[in-house]
Amino acid sequence: MIQYIEKLVKKLKKSEKGQGMVEYALIIAFVAAIAIVALNNGLGTAVKNAFQGASNLVSSASDAASKYGASKSI
């Protein structure tokens, strides 16, 4: 496996196509790092709370509809 990686690295050094691939990989890694930091700093909790609030609103609307005689369900 290590020999395969060494061959690949040598091949990429000779080719300029590898440079583009490395740049894309670095961009993807950077975006992933930003996403991980954002999720760990409370964004995940905010999204969870937003969906919970929407769920509560739908539930209360359903309860109100059934209370006032709406018998047809979607």
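So the values come out like this:
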{"read-out": "Lone unmet requirement of (1) in a helix (DSSP H, G or I); (2) of a type in the set (A, V, I, L, M, F, W, C); (3) modelled with pLDDT under 80 for residue 70", "value": "(1)"}
{"read-out": "Single match in 64, 35 (criterion: modelled with pLDDT under 90, closer than 30 Å to residue 9 by Cα, of a type outside the set (Asp, Glu) and part of a helix (DSSP H, G or I))", "value": "35"}
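The values are calculated or read from the model by the stated rules, or taken from the named source; none is laboratory data. Computed from a prediction, not measured in an experiment: that's the story for all the values here.
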